[in-house]
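*Asks:* Right, I'll just put the structure down here and ask away after.
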Amino acid sequence: MVTALLFALCAVAPLALAPAHLAAAPQHAAVTKAHHLLIYSIDVEGGQSTLLVAPSGASLLVDTGWPDHNGRDAERIQAAMRDAGVTKINYLLITHYHTDHVGGVPNLIARVPIGEFLDHGPNREDSASTRAGYEAYLKAIAGKPHRVVHPGDTIPIPGLNVIVLAADGKHISAIPGIQPKPNPYCATERQWPTDPSENARSAGILVTYGKFRFLDLGDLTGAKEVALVCPNNPIPPIDLYLVTHHGMDLSNSHAIVDAIHPLVAIMNNGAHKAGKPAAWQTVHDSPGLQALYMLHTAEDSDAAHNSPEAFIANPKGDGDGHYFKVVALSNGGFSVTNTRTGKTTEYARK
Ligand SMILES: [Zn+2]
């Protein structure tokens, strides 16, 4: 069913390559609106940049990767945009002001039109690098449309439901229309330290497209994860989980990872950034998980805590920026393509 649908949807674009019996399809098929949500987990070498393109063509970019490197991360974002057929970012959500998330903003602004900038409000971390990153961000977006998002706010992308679950250290207790459930994993959860850094203030979102759900909590750390889902968990089962904090072991508590029942997870780690054994194991062991993709081999970890190479976009070193492309349908089915191998795997919740 999913295969047939995906084929039918993808077949409209490369009409010239289609078999003869399809070449006679009506011309308007080529301009028919898409019926899928695209999600790109872009390789920004251990930072975050995630592009979502709704069926309407509207786009949301979550974070921008690093500064410098001759605009490397902006170029990689543009490559994903080209693949998706978009020339503009409607909304840019900055989860928090660490360099690996906000650092790429000046480079991106120089290359790509951006409709509105969303963030959790002022930087509250007293460190030189984060203050500098925040100042560079404010300078870059001066005079441009900007909105501070709060837990419970929505990002109005036609066809999608995007709700902010956490921001600036606060969180929602319930999502409209969804009854929070007692979380059985809270009782055995350990105490997590209070985190004074920007990570704990990450803006996190739940994206719903029909029956498909995607969760991106930025770099939210353990104590805030547990506060979000204990004692009652407001988050419904998740189809695609962007592993929080690149797979750092300061995040990815059992209380959240086990409770959200991710079907597939993507870890946006670098070759030598995050991808920690404890976080990898927690995600790997979460009930019902079918696949754990990684943007890089975690080279400081070991073979027992890395996924098989077919599930890794860049197996060796910094790599060439291979990314994962997800095509999600409103019936909840979705596929993940490793752009290094070209292999696409389909998933659906039973
Ligand atoms: Zn980060």
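*Asks:* Out of everything in the range 47-64 that is part of a loop (DSSP other than H, G, I, E, B) and under 14 Å from residue 242 (Cβ atoms), what residue ends up being farthest from the ligand (Cβ to nearest atom)?
*Replies:* Per the criteria, the residue is 49.
*Asks:* Return yes or no: is residue 220 closer than 20 Å to residue 176 by Cβ, at pLDDT 95 or above and not charged (D, E, K, R)? Break it down into steps so the answer makes sense when it comes.
*Replies:* On the way: closer than 20 Å to residue 176 by Cβ: no; at pLDDT 95 or above: yes; not charged (D, E, K, R): yes.
So residue 220 does not fit the description; no.
*Asks:* Could you give me the residue pairs with C-beta distances under 7 Å whose first residue belongs to the range 193-207 and is away from the ligand (no atom under 12 Å from the Cβ), whose second residue is modelled with pLDDT under 95 wherever it lies, and which are 6+ apart or on separate chains?
*Replies:* Close Cβ pairs (under 7 Å, with a partner that is modelled with pLDDT under 95) amount to 201/124.
*Asks:* Name every residue in the range 210-237 that is in contact with a helix residue (DSSP H, G or I) (Cβ under 6 Å, 6 or more places away or on another chain), in a loop (DSSP other than H, G, I, E, B) and more than 16 Å from the ligand (Cβ to nearest atom), in order of residue number. Explain how you work it out, then say what you get.
*Replies:* So in the range 210-237, the residues in contact with a helix residue (DSSP H, G or I) (Cβ under 6 Å, 6 or more places away or on another chain) come out as 217, 219-221, 224-226, 229-230, 233, 235.
Next, only the ones that are in a loop (DSSP other than H, G, I, E, B) stay: 217, 219-221, 230, 235.
230, 235 - these are the residues of the range 210-237 that are in contact with a helix residue (DSSP H, G or I) (Cβ under 6 Å, 6 or more places away or on another chain), in a loop (DSSP other than H, G, I, E, B) and more than 16 Å from the ligand (Cβ to nearest atom).
*Asks:* Which residues, taken from the range 304-350, are surrounded by fewer than 18 Cβ atoms within 10 Å (Cβ to Cβ), of a type in the set (Gly, Ala, Ser) and not in a loop (DSSP other than H, G, I, E, B)?
*Replies:* 304, 310
*Asks:* Suppose we filter 108, 60 for residues that are over 27 Å from residue 234 (Cβ atoms), surrounded by 17 or more Cβ atoms within 10 Å (Cβ to Cβ) and within 20 Å of the chain's Cα centre (by Cα); which single one remains?
*Replies:* On the way: 60 fails: over 27 Å from residue 234 (Cβ atoms).
From the options 108, 60, the qualifying one is 108.
*Asks:* What's the total number of residues in the range 103-152 that are without any contact (Cβ under 8 Å) to a residue 12 or more places away in the chain, part of a helix (DSSP H, G or I) and hydrophobic (A, V, I, L, M, F, W, C)?
*Replies:* Adding up the residues that qualify gives 3.
*Asks:* Mind listing just one residue for me: the one in the range 238-265 that is farther than 14 Å from residue 199 by Cβ and either in a helix (DSSP H, G or I) or out of contact with any strand residue (DSSP E or B) (no Cβ under 7 Å at 6 or more places or on another chain) (or both) and, of those, farthest from the ligand (Cβ to nearest atom)?
*Replies:* 261
*Asks:* Please list, ordered by first then second residue, the pairs with beta carbon atoms under 9 Å, 6 or more apart or interchain, first in the range 216-231 and without any contact (Cβ under 8 Å) to a residue 40 or more places away in the chain, second in a helix (DSSP H, G or I) and within 15 Å of the ligand (Cβ to nearest atom).
*Replies:* 221/199; 221/200; 221/244; 221/245; 223/200; 225/244
*Asks:* Could we say that residue 275 is part of a loop (DSSP other than H, G, I, E, B) and more than 16 Å from the ligand (Cβ to nearest atom) here? Break it down stepwise before answering.
*Replies:* On the way: part of a loop (DSSP other than H, G, I, E, B): yes; more than 16 Å from the ligand (Cβ to nearest atom): no.
So residue 275 does not fit the description; no.
*Asks:* A further question on this structure: Given the conditions (1) surrounded by fewer than 24 Cβ atoms within 10 Å (Cβ to Cβ); (2) among the polar types (S, T, N, Q); (3) out of contact with any Leu (no Cβ under 8 Å at 6 or more places or on another chain), which single one is not true for residue 290?
*Replies:* Status for residue 290: all satisfied but (3).
*Asks:* Still on this structure: Contact list please: Cβ distance under 7 Å, first residue in the range 264-292 and closer than 14 Å to residue 308 by Cβ and of a type in the set (S, T, N, Q), second residue more than 16 Å from the ligand (Cβ to nearest atom) and at pLDDT 95 or above, pairs at least six apart or on different chains.
*Replies:* Sorted first by the residue in the range 264-292, then by its partner, the pairs are 290/263; 290/264; 290/347.
*Asks:* Another question, then. Which count do you get for residues in the range 99-131 that are within 16 Å of the ligand (Cβ to nearest atom) and among the charged types (D, E, K, R)?
*Replies:* Counting residues in the range 99-131 that are within 16 Å of the ligand (Cβ to nearest atom) and among the charged types (D, E, K, R) gives 3.
*Asks:* Filter the range 31-46 down to the residues that are in a loop (DSSP other than H, G, I, E, B) and among the β-branched types (Val, Ile, Thr), then identify the one that is nearest to the ligand (Cβ to nearest atom).
*Replies:* Among those residues, the one meeting the criterion is 44.
*Asks:* When the range 77-98 is examined, which residues are found to be more than 16 Å from the ligand (Cβ to nearest atom) and more than 18 Å from residue 157 (Cβ to Cβ)?
*Replies:* Within the range 77-98, 78, 79, 82, 83 meet the criteria.
*Asks:* Every residue in the range 278-303 that is more than 27 Å from residue 185 (Cβ to Cβ) and part of a loop (DSSP other than H, G, I, E, B), please.
*Replies:* 297, 299, 300
*Asks:* Here's a check for you: in the range 317-340, which residue that is over 17 Å from the mean Cα position of the chain (by Cα) and within 21 Å of residue 275 (Cα to Cα) is modelled with the highest pLDDT?
*Replies:* 340
Each row is one residue, and each column tells you yes or no for (1) within 24 Å of residue 266 (Cβ to Cβ); (2) at pLDDT 95 or above; (3) of a type in the set (Val, Ile, Thr).
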{"site": "118", "(1), (2), (3)": "yes, yes, no"}
{"site": "125", "(1), (2), (3)": "no, yes, no"}
{"site": "135", "(1), (2), (3)": "no, yes, no"}
{"site": "152", "(1), (2), (3)": "no, yes, no"}
{"site": "157", "(1), (2), (3)": "yes, yes, yes"}
{"site": "182", "(1), (2), (3)": "no, yes, no"}
{"site": "203", "(1), (2), (3)": "yes, yes, no"}
{"site": "226", "(1), (2), (3)": "yes, yes, yes"}
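*Asks:* Only one of these is buried (at least 24 other Cβ atoms within 10 Å of the Cβ) and either more than 24 Å from residue 333 (Cα to Cα) or of a type in the set (A, V, I, L, M, F, W, C) (or both): 254, 246. Name it.
*Replies:* 246
The values are calculated or read from the model by the stated rules, or taken from the named source; none is laboratory data. Remember, predicted model here, so these are calculated numbers, not experimental data. Counting neighbours? That spans all protein chains shown, and the Cβs are built from the backbone with ideal geometry, glycine included.
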